[in-house]
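Asker: Structure provided below as structure tokens; questions to follow.
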Amino acid sequence: MARSDLLIALVRAGAAGDRDTLRVTAEALAADERAKNHNIVADRIQRALAAVPITPPALTASAHQLATASGREAILEIAPRLSLDDLLLPLPARESGRQLIEEHRRADVLRASGYEPRHRVLLSGPPGNGKTSFAEAVAEGLGLPFFVVRYDALIGSYLGETNTRLRKLFDYVRTTPSVLFFDEFDAIGKERGDTHETGEIKRVVSFLLMQLDQLPSYVIVVAATNHGELLDRAVWRRFQMRLAMPAPARSDITVFLDRIISSWPHRPRLSLSKIAVKLGRVSYAEALDFCQNVRRREILSLGEVSVDGALQSELDLWTSRVTPEAINAERSDQASSEADPSN
């Protein structure tokens, strides 16, 4: 289409209030300008386009079927059950979560003043401390579908295959308001300056950034990483909320144990603070696993083992468990031994 035709179509779409046509036409005009190396003009068009208020599209049956056929296979839908009140979160993360939910509940108030609700959140911290639960709680608070990205269905082995699947994934989520969760986001958002990475991952990161920029605000993207240092610096800038999810302190674990054990028919005589001391530095997920193991042992004993006996048995086993620290220490000792010629 000629540039004059694009401009005419753009004016007609704006006059008719047809936002879909306006958006498509403006994107085509920006692409035409960029092809002519008029990058400044193209960037201005893209910024103007981003300022246009966005409303969720009507999801017809045919549109839903088309989206399902193209991008649904890379998503696992989970029914959200956790709320923010169920979680033990650091204060910044808790308040940010509440603000995010309020912004989307009252998005019409923001749009009336020319603002869109924030919809891109990056969570960084060690595993097992609530990143996935935070995303689920946001979906539960807004009553939205909770989509978890499946990397096994997203990352392809052929050139350009991952980008194709990413496009289909984002085309799918644009069809309905939702919370889209990327766990281990560093798998596709790695630093492009890393000399050990291939050109393919660099193309994936560039394409991912473009898709994030173009995603409508009614789709909330929550990305989580255990290794924030591996993410591309441009990826960090795309997220409007960047929240730390640190390992819990011992006092946090004590409160967490109380939440779990308070629902048991019998409480152990050993104080919760002493149990937390014996567990050492653990994540919420590890503390939950420990408590569930104690309860399983008590239930399966059919009354022959008390909760105190089950607790002591699990504590005895706890000290012999395999941990990442122990594995790293073993590797370090092995490397030192191999490097010492006297051995």
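Asker: Sorting VAL205, VAL179 on the 10 Å Cβ count, fewest up front, what's the list?
Answerer: Going from least to most buried by this count: VAL205, VAL179.
Asker: Counting other beta carbons within 10 Å of each Cβ, put LEU215, LEU311, LEU288, LEU302 in order, fewest first.
Answerer: Fewest-to-most Cβ neighbours within 10 Å comes out as LEU302, LEU288, LEU215, LEU311.
Asker: Can you work out the Karplus-derived ³J(HN,Hα) for every residue in segment 221-228? Use 6.51 cos²θ - 1.76 cosθ + 1.60 with θ = phi - 60°, whole Hz, and x for glycine or proline.
Answerer: So the Karplus estimates, Gly and Pro as x, are 9, 10, 10, 10, 9, 8, 9, x Hz.
Asker: In segment 277-308, which GluC sites (Glu not before Pro) fall in coil by DSSP and have 16 or fewer other Cβ atoms within 10 Å?
Answerer: Taking segment 277-308 and a limit of 16 other Cβ atoms within 10 Å, the loop GluC sites (Glu not before Pro) found are GLU304.
Asker: Return the loop-located chymotrypsin sites (Phe, Trp or Tyr not before Pro) in segment 114-179 (DSSP other than H, G, I, E, B) with at most 15 other Cβ atoms within 10 Å of their own Cβ; answer none if there are none.
Answerer: TYR115, TYR158
Asker: Which of THR164, THR132 has the fewest other C-beta atoms within 10 Å, and how do the rest follow up to the most?
Answerer: THR164, THR132
Asker: Going by a ≥ b ≥ c, the root eigenvalues of the Cα gyration tensor, does segment 250-318 fall in the rounded group (a/c under 1.5), the prolate group (a/b larger than b/c) or the oblate group?
Answerer: prolate
Rule-based calculations on the coordinates, nothing more; no lab input. The structure displayed is predicted, hence computed values, not measured ones. Note that each Cβ is placed from the backbone with ideal geometry, even for glycine, and that neighbours are counted across all protein chains shown.
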